[in-house]
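Accompanying notes for the structure given below.
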Amino acid sequence: MTGQDEAPPAPSGRRSARDERRQPTIHDVARLAKVSIGTVSKALNGNGRLSAETRARVSALARQVGFRPNHLAQSLHRGQSFTVGVISNDNFGRFAMPIMEGLEECLAEQRISVFMCNATDDPALEARHVEQLLAKRVDGLVVTGRRADRRPPLQTPLGGLPILYVFSQTDDPDALCLLPDDRGGAFMATEHLAKLGRRRIAHVTGPERFEAVRLRRDGWRAALKSAGLAATDQSCLAGAWSEAWGREALDRLFAGKRPTPDAIFCGNDQIARGIADALRERGLKAPQDVAIVGFDNWLVIAEATRPLLTTIDMNLKELGREAGRRLMAMIAGEKQSGAHRLPCSLIVRESCGARLKAR
């Protein structure tokens, strides 16, 4: 017998050394099942008119011998690889991972796999990642990052490839950008404090060069105006995204003879935790003396703060799901563009005083 006529591995699972090196083929499965190659293809792809018994028997034999369909060949035949690429510069995954989780959940329903590459703010590395993803014939690209500020458009040699920016944006008017509603979230947090009866609501936030900082400050001011309260320069402090800045900012707010705040809306949860610690050091209580609301709902911070931190959740996982839905529409040929902001949510815990007031 020639090498081509040699029998495939026996269903018993006992394989020779040569068999161990050779990947089973669709021919092997067809020979074992005593059916045609076309029948094997229909059984494994779930199409065609086959009896349930034949489909189950062929599938079981394919699993038994370890047959894996050649997805690359199938993708070339279909003109679609059922894969997408993600380019991120979020080294720690603080924002990218929840987005990735939602994206994968959405795309998995369509059997689409995701390749993720970290560009670490290096344009040359980003270009290499793009080249490698295009070599894999991905059906689309998702660009995300550790902040939602504007960035240069992603450069690709393929003009028609769907590209979507999520928690990231670019000046390209034809680009589709999905972002959290920072202004709306800040309005929600400040309005919540005002409805709890707080009248001197300060705002402590991060560096002003970030768009999110400016939008959250605008939301704070708009909510104060809506509640008939004043927003002064002295009650809005910008600094670093850190607990240390939160402690320093509280010292500034309590310095001098001016009225001290009875509530503080913080630009992120780290700042809020620093403020909570500084209040305790002064012998003050949150929320009885000063109510606190943060931003991000970073559980490792929010659930470790004492008292537990009320905060704004940017719903990053849902942002990822929406990115998946939009990307599938783009792959199907639908035109998508513009900047779209998805709503945030208020997560009420102990630091704002709502539960204390309810009791």
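The values are calculated or read from the model by the stated rules, or taken from the named source; none is laboratory data. What you are looking at is a predicted structure, and each value in this text was computed from that prediction instead of being measured. Cβ: placed from backbone, ideal geometry, glycine included. Neighbour counts: every protein chain shown.
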Criterion violated by Lys357 - all others in (1) out of contact with any helix residue (DSSP H, G or I) (no Cβ under 7 Å at 6 or more places or on another chain); (2) assigned to a helix (DSSP H, G or I); (3) surrounded by 15 or more Cβ atoms within 10 Å (Cβ to Cβ); (4) in contact (Cβ under 8 Å) with a residue 60 or more places away in the chain satisfied: (3)
Subset of region 80-111 that is in a loop (DSSP other than H, G, I, E, B) and without any contact (Cβ under 8 Å) to a residue 24 or more places away in the chain - its residue that is surrounded by the most Cβ atoms within 10 Å (Cβ to Cβ): Gly93
Some residue of region 312-321 being in a loop (DSSP other than H, G, I, E, B), closer than 29 Å to Tyr165 by Cα and within 24 Å of the chain's Cα centre (by Cα): yes
Number of the condition not met by Thr144 [criteria: (1) surrounded by 14 or more Cβ atoms within 10 Å (Cβ to Cβ); (2) out of contact with any helix residue (DSSP H, G or I) (no Cβ under 8 Å at 6 or more places or on another chain); (3) assigned by TED's automatic domain parsing to the domain that holds Leu327]: (2)
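Considering each of Ala272, Ala240 in turn, give the residue that is surrounded by 23 or more Cβ atoms within 10 Å (Cβ to Cβ) and closer than 20 Å to Arg147 by Cβ. Write out each step before concluding.
Numbers: Ala240 fails: surrounded by 23 or more Cβ atoms within 10 Å (Cβ to Cβ).
Exactly one of Ala272, Ala240 is surrounded by 23 or more Cβ atoms within 10 Å (Cβ to Cβ) and closer than 20 Å to Arg147 by Cβ, namely Ala272.
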Residue tally, condition surrounded by 15 or more Cβ atoms within 10 Å (Cβ to Cβ) and in contact (Cβ under 8 Å) with a residue 24 or more places away in the chain, over region 203-230: 18
Test result for Ala263, out of contact with any Ser or Thr (no Cβ under 6 Å at 6 or more places or on another chain) and either buried (at least 24 other Cβ atoms within 10 Å of the Cβ) or modelled with pLDDT under 95 (or both): yes
Hey, Arg198 modelled with pLDDT of 95 or more and buried (at least 20 other Cβ atoms within 10 Å of the Cβ) or not: yes
Out of Ile26, Ile37, sole residue that is modelled with pLDDT under 85 and surrounded by 15 or more Cβ atoms within 10 Å (Cβ to Cβ): Ile26
Given (1) small (Gly, Ala, Ser); (2) under 30 Å from Ala263 (Cβ atoms); (3) in contact (Cβ under 8 Å) with a residue 60 or more places away in the chain, number of the condition Ala194 does not satisfy: (3)
Residues of region 81-110 that turn out to be farther than 23 Å from Asp296 by Cα and not polar (S, T, N, Q), as a count: 6
Test set (1) in contact with a Leu (Cβ under 7 Å, 6 or more places away or on another chain); (2) part of a helix (DSSP H, G or I); (3) within 25 Å of Glu318 (Cα to Cα) - Val114 fails condition number: (2)
Some residue of region 252-261 being closer than 22 Å to Glu211 by Cβ and either within 34 Å of the chain's Cα centre (by Cα) or hydrophobic (A, V, I, L, M, F, W, C) (or both): no
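Looking at this structure, is Ala60 over 30 Å from Leu134 (Cα atoms) and either hydrophobic (A, V, I, L, M, F, W, C) or modelled with pLDDT of 75 or more (or both)?
Yes: the conditions hold for Ala60.
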Cβ-Cβ under 7 Å pairs, at least 6 apart or on other chains, region 116-134 side assigned by TED's automatic domain parsing to the domain that holds Ile87 and closer than 19 Å to Val84 by Cβ, far side aliphatic (A, V, I, L, M) and surrounded by fewer than 17 Cβ atoms within 10 Å (Cβ to Cβ): Ala119/Leu125; Leu134/Leu158
Count - residues of region 148-183 that are buried (at least 18 other Cβ atoms within 10 Å of the Cβ) and either of a type in the set (Gly, Ala, Ser) or under 30 Å from Ala286 (Cα atoms) (or both): 7
